[in-house]
Amino acid sequence: MEDALFKRRILVAVTGGIAAYKAAELVRLLVKTGGEVRVAMTAGAQKFITPLTLQTLSQHPVATDTFDLQQEATISHIELADWAELFVVAPATANALAQLGQGLANDLFSTIALACRAPQLLAPAMNVNMWQHPATQANLALLVERGAFAVGPEAGDLACGWVGAGRMAEPSAILQACRALLGPRDLDGKKFLITAGPTHEALDPVRFLSNRSSGKMGFALARQALRRGAQVTLIAGPTELFAPGNVERVDVVTAEEMRKNALERAPLADAVIMAAAVGDYRAAKVAPQKIKKSDDRLAIELERNPDILAELGKKDFARRPLLVGFAAETEEVETRAARKLQEKHCDLIVANDVSQTDAGFGVDTNRVLLVDNERTTALPFGSKDEVAGGILDWVAAHLSTRL
Ligand code: PMT
């Protein structure tokens with residue numbers, strides 16, 4: 001089968017960080033898959049890797065200077081921006097993210113970026129403190145909100161000697177993200193309702209019951225569904241994550257708020273995917289004042305929250321959406337998922353073993369089983385975006401068989 005990148009026009013912008021050397025491998029992989037690749041480099045990037053290396057690998061001259069007559073005569077920076085079907089910034093330094101966020105056009109890279117209408121894929125790479133700086137986070141949040149996609153960074157040993165998040169995603173992961181971005185728009189026009197994150201159930205004015213869900217799995221599903229052409233409504237419990245601007249985001253706090261919004265919106269959806277970790281219990285009575293620590297023991301009476309997914313499963317819809325639930329299990333994963341499939345009347349249960357350190361709550365990766373009425377399929381271990389892609393393949397295939 002033809003690779004999703006075959007003959008696709010990919011512009012790789014290399015900005016000035018030590019990870020620039022990895023851009024060589026990325027360009028090599030993109031060319032190997034049959035992509036047409038052009039490269040632009042900032043002055044900083046050229047201190048780390050030469051244009052000649054990237055010219056040799058991409059088989060095309062590398063753009064380095066807006067005001068170079070020779071380069072502008074061959075292919076102008078505007079032509080390059082118009083030519084691209086995908087604009088990849090790898091590595092994307094803190095400075096590059098700031099330039100993009102502010103809409104600067106003070107060098108060739110930022111000028112192309114401003115002129116380019118192609119989807120933008122950012123692979124941030126920098127020192128952990130630079131990455132965690134609120135300015136960098138705000139710049140990335142703004143870019144994602146405007147529609148950019150981000151891959152990485154990963155955590156680990158950094159070239160600067162620090163250990164933490166900031167290492168550029170591996171070229172193979174960036175290649176996968178490129179494939180995903182240029183892949184089929186097989187969910188064009190379909191309406192998706194996705195839930196994500198935890199819920200907070202108040203105990204008193206300052207305390208609540210919750211769980212370790214970060215929202216990453218649900219947000220990855222929203223991103224990938226959007227990329228494949230779907231109209232996405234994302235009901236999000238409390239989380240720090242940012243969603244693309246063209247996702248309709250509904251922020252909620254409690255299970256009851258999530259339920260109300262889900263029941264209201266589900267009849268309009270083609271598919272409902274419940275990735276949220278909804279609190280099963282809430283306080284029977286929320287204390288109006290802060291609970292005092294007077295006794296050694298404290299008993300708080302809890303009552304069951306409504307099960308939103310089960311309620312949707314039982315509902316009489318004029319046109320039933322495809323119903324996808326998750327199962328967070330620590331034992332007998334497949335058996336319990338199969339039971340949830342029946343009990344909650346779902347079309348699919350995505351089961352994750354949340355006792356594993358690299359899957360489930362909080363982490364960037366997941367390992368899931370797709371349990372439907374006919375079979376159980378294990379998806380390959382991968383980033384939550386990759387796993388989301390696998391889940392959406394199942395949904396796309398089943399939506400296509402419906403009238
Ligand atoms: O958010 P992350 O950090 O990325 O972590 C991802 C995840 C582990 C939260 C996600 O992959 C996941 O497993 N989500 C479902 C968690 C959960 O609540 O599982 P459950 O087995 O308790 O619930 C089964 C299904 O019923 C879920 O689809 C859940 O959304 C739904 N449910 C549960 C309780 C309730 N009161 N109402 C519900 O609708």
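Some notes on this structure:
- Residues in the stretch 377-387 include at least one that is under 27 Å from residue 266 (Cα atoms), at pLDDT 95 or above and in a loop (DSSP other than H, G, I, E, B).
- Filter pass, residue 286 being outside any loop (DSSP other than H, G, I, E, B), among the aliphatic types (A, V, I, L, M) and in contact with a strand residue (DSSP E or B) (Cβ under 7 Å, 6 or more places away or on another chain): no
- Taken over the stretch 30-48, the criterion of being surrounded by fewer than 19 Cβ atoms within 10 Å (Cβ to Cβ) and of a type in the set (A, V, I, L, M) is satisfied by 31, 43.
- Looking only at residues of the stretch 214-238 that are away from the ligand (no atom under 14 Å from the Cβ) and of a type in the set (A, V, I, L, M, F, W, C), we find that the one that is nearest to residue 190 (Cα to Cα) is 230.
- Checked against (1) among the hydrophobic types (A, V, I, L, M, F, W, C); (2) more than 12 Å from the ligand (Cβ to nearest atom); (3) crowded, with 19+ Cβ neighbours inside 10 Å, residue 318 passes all but condition (3).
- Counting the residues of the stretch 371-389 that are farther than 20 Å from residue 332 by Cβ and either in contact (Cβ under 8 Å) with a residue 24 or more places away in the chain or surrounded by 16 or more Cβ atoms within 10 Å (Cβ to Cβ) (or both) gives 8.
- The set of residues from the stretch 254-299 being hydrophobic (A, V, I, L, M, F, W, C), at pLDDT 95 or above and out of contact with any Ser or Thr (no Cβ under 7 Å at 6 or more places or on another chain) comprises 263, 266, 268, 269, 271, 272, 273, 283, 284, 286, 287.
- Which listed residue, of 400, 355, is more than 12 Å from the ligand (Cβ to nearest atom) and open to solvent by 10 Å² or more (accessible area, probe 1.4 Å): 400
- Matching entry among 109, 87 (being assigned to a helix (DSSP H, G or I) and either of a type outside the set (D, E, K, R) or surrounded by fewer than 14 Cβ atoms within 10 Å (Cβ to Cβ) (or both)): 109
- Restricting the stretch 291-312 to residues that are within 16 Å of the ligand (Cβ to nearest atom) and not charged (D, E, K, R), the residue that is most open to solvent (accessible area, probe 1.4 Å): 302
- Any hit, the stretch 143-157, residues being over 18 Å from the mean Cα position of the chain (by Cα) and either modelled with pLDDT of 95 or more or closer than 24 Å to residue 21 by Cα (or both): yes
- Qualifying residue in the stretch 214-225 (condition: assigned to a loop (DSSP other than H, G, I, E, B), at pLDDT below 95, surrounded by fewer than 23 Cβ atoms within 10 Å (Cβ to Cβ) and under 15 Å from the mean Cα position of the chain (by Cα)): no
- Residue identified as away from the ligand (no atom under 11 Å from the Cβ), touching a residue at least 40 places away in the same chain (Cβ under 8 Å) and over 17 Å from the mean Cα position of the chain (by Cα) among 288, 244: 288
- Pairs linking a residue in the stretch 303-318 that is closer than 13 Å to residue 255 by Cβ to a residue that is surrounded by fewer than 11 Cβ atoms within 10 Å (Cβ to Cβ), with Cβ atoms under 8 Å and 6 or more positions apart or on different chains, are 303/284.
The values are calculated or read from the model by the stated rules, or taken from the named source; none is laboratory data. Note that the coordinates shown come from a computational prediction; the quantities given were computed from them, not determined experimentally. Cβ sites come from the backbone with ideal geometry, for glycine too, and all protein chains shown count toward neighbours. Surface areas here come from the heavy atoms of the whole protein model, side chains and all, with no ligands, DNA or RNA. Shrake-Rupley method; radii C 1.70, N 1.55, O 1.52, S 1.80 Å.
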